[in-house]
Each structure stands twice: as C-alpha cells, then as structure tokens.
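Worksheet for the structure shown next.
The values are calculated or read from the model by the stated rules, or taken from the named source; none is laboratory data. Bear in mind that the values here come from a model prediction, so they are computed numbers and not experimental data. We place every Cβ from the backbone using ideal geometry, glycine too, and count neighbours over all the protein chains shown. When the accessible area is computed, the model is the full protein with side chains, heavy atoms only, and any ligands, DNA or RNA have been set aside. Shrake-Rupley method; radii C 1.70, N 1.55, O 1.52, S 1.80 Å.
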Amino acid sequence: MAELKITSYQIGTIDFNFDEIKNELMESVAHYETLAYSEENIRECKADHNKLKALIAALDNERKKRKKEYLAPLEAFEDKIKELQAIIGKPLAVIDKQLDAFEKVRKGKKQGDVEKWWADDYAPNNEIPEIIQSITDIWDERWMNVTYSMKQIEKDVTDRLAAIQADIDTINSLPEYSFEAMEIYKDGL
C-alpha cells in the first residue's frame, strides 16, 4: 500500500498593517469613550453608534473572507482524506461483520460450556439456594470475555451463591416481615 506523503504543506502568517490600523483606531475612537450625548444630539449618537458598528462589521467581514481563503486548502485535503477513508471503510465493514459472527459463536460456545458445567458438575454436587432456579439467575456478562477463565467463573458462582445464602439466612432471621423481605429479595437478589 502506498504511504501518505504530503508533497506541499505550508503554514504561514497573514501579514497586514495591524499596527498602523490599531494606532489610527485608538486615536479616532478615544474621544468616544468620554463623549456624553444628550437628547438634543441623539442623531449624532445614533450616527456614531452606526459608524462604529460598521467598522466592526467591515473588520469581521475581512476576517471571514481571509479565513475562508486560508482554510480552503485544508478543506480540500479533508475531503480527499474522507474519500480515502470511505474506500477503506467498505472492506472494514465486511471484516467487522465476520468478526462479530466469530465473537457470537465464541460467546455461544462459552455460554454453553458454563451452562454444561453448571448442569453436570456444579448443581448436582452442591447445595443451591431454593430461589436460584438456573445459572441464568446469577449470570454475569463478564464471564463471556475472552480473558475470563472458567476457573474464575467457578469461583464467582461459588462466591455469589454463598453471598445469596448469607442474605437468605439474614432475611429469615428477621423477627418481622421476613416473608415480605424474601419476596422482594427474590425479585432482584
């Protein structure tokens, strides 16, 4: 694959007579800062207001014009890069679909392994609280991660069931409302 090589790239400055304009503006607007208008000269006040607003607008229009010119090469470059990314994006989407399918199969196999372990090895050989009907009642999606080992899953199940049994024992020892508390606990553990 060809390597991206920038053949021409230049960041420059935009030079203009900033100091000259700044000094002239500071001199010409200085008297407005201390100027006091009265009702008799409201027309002059509005005229001065409009004159200063027009100066700001003229400067802003020039800034926008230069910004558009300055950014035009960057925008053209961005459009070309986006076009290249779109070319790469098509096969990437196909690959992503395949990876998702492989991941779904892998997770399905791992889920099957966990459910088989539960049904064949764990449940028949261990005491399980009555409120737990199947492994799905205590399922943890982290178990489906590639890095989560079967040994860690087995430890999680043992720890979780021990914690549930401790909760049940605590609820059953309540002097009042243990039935109601148990019903609520069953709902979401």
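Some notes on this structure:
- From the options Asp100, Asp60, Asp120, Asp79, residue that is open to solvent by less than 70 Å² (accessible area, probe 1.4 Å), part of a helix (DSSP H, G or I) and of a type in the set (Asp, Glu): Asp60
- Looking only at the stretch 6-23, and only at residues there that are of a type outside the set (Lys, Arg) and at pLDDT 90 or above, the one that is nearest to the chain's Cα centre (by Cα): Phe18
- Scoring Val29 on the criteria (1) over 30 Å from Ile132 (Cα atoms); (2) at pLDDT 90 or above leaves a single failure, condition (2).
- Identity of the residue in the stretch 143-181, β-branched (Val, Ile, Thr) and open to solvent by 70 Å² or more (accessible area, probe 1.4 Å), that ends up farthest from Val114 (Cα to Cα): Thr170
- Among the residues of the stretch 123-145, those that are modelled with pLDDT under 95 and either in a loop (DSSP other than H, G, I, E, B) or of a type in the set (Lys, Arg) (or both) comprise Asn126, Glu127, Ile128, Pro129, Glu130, Ile131, Ile132, Gln133, Ser134.
- Looking at Ile153, Ile128, Ile135, just one residue is out of contact with any strand residue (DSSP E or B) (no Cβ under 6 Å at 6 or more places or on another chain) and over 26 Å from Phe102 (Cα atoms), and that residue is Ile128.
- Residue list for the stretch 36-51, filter: loosely packed, with under 12 Cβ neighbours inside 10 Å and outside any helix (DSSP H, G or I): Ala36, Ser38
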